[in-house]
Amino acid sequence: MAQLGGMSMRGASSTGRTPGFVIFLICALVAAPALGAERPVRTIQKQALSRSARPQRSSPAVSSERLQHLATRIDKLLQHYQQRPLNTRDHNAWEVMHQVVAFGVKTKVRVGGPQGPEQPAIGWLCFNYPFRGYRILQMHNGLPLGNKGYGVQGHHGQLLAILAQSRLRKDYPLRVGGRQFTVADLIENEKRTCRTGMELTFKLIGLSYYISTAESWRAEDGQRWSIARLLQEEIDAPIHSAACGGTHRLMGYAYAVWKRRKEGLPLNGQFYRAEKYLADYHRWAFRLQNPDGSFSSQWLRTRAHSADPQRRLRTTGHILEWLVFSLPQEELTRPEIVRAVEHLVRLLERDPDYAWEIGPLGHALHALAIYRQRVWKPKESPSPKTGPLVAPQPRNPQGAGASFPGKLPAAGAASRRKTPDEIELPVHAQVRLRQATRIMLRRMHSQVAQPPKAAVSSPASSPRQAQTTGPVLVGPR
């Protein structure tokens with residue numbers, strides 16, 4: 001080796017140039033740490049793949065009695081939490097969406113408080129009725145689009161992803177500013193607002209469900225998009241720094257692959273990449289599973305176990321949700337999955353009145369609902385044989401009076417000019433308007449004792465300028 005090194009050095013000195021393979025070796029050694037820091041799981045995934053090819057001892061099969069007992073426990077939990085609806089006074093739209101993801105079109109919400117009348121939660125969202133004073137939809141490009149910020153959408157396309165996971169029909173009505181639309185209009189606007197570099201995870205989930213994987217469209221900036229391009233953008237983005245440890249990003253891959261199979265189209269190009277990527281992460285997630293059945297409390301980075309039940313619910317619930325949706329049917333009763341489901345059930349059974357965080361609880365219940373449906377009711381699971389569902393529309397509750405926004409106008413009904421009080425502003429405009437109003441009131445009170453000349457406002461303090469400032473709303477993660 002030393003002789004070879006000496007020969008290489010002599011050769012290099014005689015020619016005055018460094019051999020190409022030496023340069024390649026140096027570059028590889030320099031680049032390796034950076035690549036490993038970006039996606040350290042890649043190398044370990046290759047090891048997992050190589051080990052999976054070796055002969056392994058088969059795990060004992062799960063008995064039918066154990067599975068049936070598990071189904072009974074899941075049913076009791078889902079029924080318990082479904083009978084505890086959120087309300088429009090104390091909970092925002094982001095929280096209600098996380099109950100909708102668990103129970104779909106059957107989700108109810110109480111209007112005005114915990115004792116208020118029940119309304120269909122999806123209808124309350126789609127009709128743009130307020131949750132804690134905030135509305136989830138705004139107008140953009142002349143069509144409805146979700147607001148992104150505190151209490152509404154935490155991610156671009158999140159509302160459409162929730163509707164897709166609830167299997168809501170495309171012709172379900174939407175209402176924004178007194179105008180009538182359908183979910184199809186929201187789909188169209190989510191397509192138009194795709195941009196390179198933005199988080200496309202939830203758009204991928206929603207659009208994969210509602211449109212064909214062979215379809216392409218042009219966004220508002222002129223770029224050509226398709227489900228394959230959305231997949232490419234998402235696959236090239238990092239997993240570990242994505243929302244909820246990357247589990248939503250993996251769910252986006254799973255929805256695209258599922259839809260491609262449903263359409264009977266070949267899994268080629270980006271769809272082939274997504275399928276292989278999912279298989280790699282399936283194996284990796286099981287390698288990180290803890291002996292008690294929970295998944296890693298450090299998401300998909302490394303094995304870890306937390307004593308905090310909130311943390312375990314968050315990580316195990318999200319990872320299991322993705323696994324039970326994306327795994328093949330025959331793997332849903334493998335011991336590793338059954339132990340994970342049992343761990344989640346035990347966690348929720350321990351204290352039925354425990355104050356769980358609403359977001360993680362919604363995803364954990366969604367995992368149990370998917371598992372219950374795919375294992376014991378496969379005919380009702382999303383498949384080529386099942387279509388979208390119909391959700392009830394909101395009704396005018398008794399005693400709501402003028403405060404209730406009213407029924408959806410009939411299609412084609414003549415529209416009248418709205419008064420200023422009837423115009424719905426986007427969330428950020430509402431915040432800025434309230435801030436401007438407070439500024440003006442403070443100035444008016446401070447100028448009461450001043451002579452009339454001093455009461456004249458300067459251009460710098462005009463309401464128009466005051467409305468151009470305000471806090472930037474950041475959505476929950």
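The values are calculated or read from the model by the stated rules, or taken from the named source; none is laboratory data. Note that the structure is a prediction, hence the values are computed from the model and not measured. Here the Cβ is made from the backbone with ideal geometry for all residues, glycine too, and neighbour counts use every protein chain on show.
Can you confirm whether Arg249 is modelled with pLDDT of 95 or more and either within 24 Å of Arg301 (Cα to Cα) or in a loop (DSSP other than H, G, I, E, B) (or both)? Yes; evaluated as a whole, the condition is true for this residue.
Identify, please: which residue in segment 252-264 is within 12 Å of Ile227 (Cβ to Cβ) and in a helix (DSSP H, G or I) and is, among those, farthest from the chain's Cα centre (by Cα)? In this case the residue turns out to be Arg260.
Scan segment 331-346 and give yes if some residue there is within 19 Å of Cys244 (Cβ to Cβ) and in contact with an Asp or Glu (Cβ under 9 Å, 6 or more places away or on another chain), otherwise no. Among the residues of segment 331-346, at least one is within 19 Å of Cys244 (Cβ to Cβ) and in contact with an Asp or Glu (Cβ under 9 Å, 6 or more places away or on another chain), which makes the answer yes.
Here's a check for you: in segment 222-261, which residue that is aromatic (Phe, Trp, Tyr) and more than 15 Å from Asp280 (Cα to Cα) is surrounded by the most Cβ atoms within 10 Å (Cβ to Cβ)? This residue is Tyr255. Working only within segment 74-97, note down all residues that are touching an Asp or Glu at 6+ places or on another chain (Cβ under 9 Å) and either touching a residue at least 60 places away in the same chain (Cβ under 8 Å) or under 20 Å from Leu344 (Cα atoms) (or both). Hits for segment 74-97 are Lys76, Leu77, Leu86.
Only a single item in (1) under 23 Å from the mean Cα position of the chain (by Cα); (2) farther than 20 Å from His98 by Cβ; (3) small (Gly, Ala, Ser) is not met by Gly359, and it is number (2).
Does segment 285-313 hold any residues that are aromatic (Phe, Trp, Tyr) and over 22 Å from the mean Cα position of the chain (by Cα), and which are they?
If we filter segment 285-313 for residues that are aromatic (Phe, Trp, Tyr), which is where we start, we get 286, 295, 299.
Scanning segment 285-313 gives a single hit, Phe286.
Residues in segment 35-84 that are at pLDDT below 50 and assigned to a loop (DSSP other than H, G, I, E, B): Arg39, Pro40, Ala53, Arg54, Pro55, Gln56, Arg57, Ser58. Counting only helices (runs of 4 or more DSSP H) that sit completely within segment 265-370, those holding 1 or more residues that are closer than 20 Å to Ile205 by Cβ correspond to 270-287, 309-326. Against the criterion of being in contact with a Leu (Cβ under 7 Å, 6 or more places away or on another chain) and either surrounded by 22 or more Cβ atoms within 10 Å (Cβ to Cβ) or within 17 Å of Leu145 (Cβ to Cβ) (or both), Leu278 does not qualify. Being touching a residue at least 60 places away in the same chain (Cβ under 8 Å) and surrounded by fewer than 20 Cβ atoms within 10 Å (Cβ to Cβ) is the filter; apply it to segment 339-371 and report the residue that is farthest from Trp322 (Cα to Cα). Across segment 339-371, the extreme among qualifying residues is Pro352. Residues that are of a type in the set (Ser, Thr, Tyr) and without any contact (Cβ under 8 Å) to a residue 40 or more places away in the chain within segment 145-192 comprise just one, Thr182.
Among residues of segment 274-292 that are in contact (Cβ under 8 Å) with a residue 12 or more places away in the chain and farther than 16 Å from Tyr255 by Cβ, those with a beta-carbon under 8 Å from a residue that is hydroxyl-bearing (Ser, Thr, Tyr) and in a helix (DSSP H, G or I) at least six positions away or on a different chain give the pairs Arg283/Ser52.
Within segment 117-136, restricting attention to residues that are touching a Pro at 6+ places or on another chain (Cβ under 9 Å) and without any contact (Cβ under 8 Å) to a residue 40 or more places away in the chain, the residue that is farthest from Gln99 (Cα to Cα) is Glu118.
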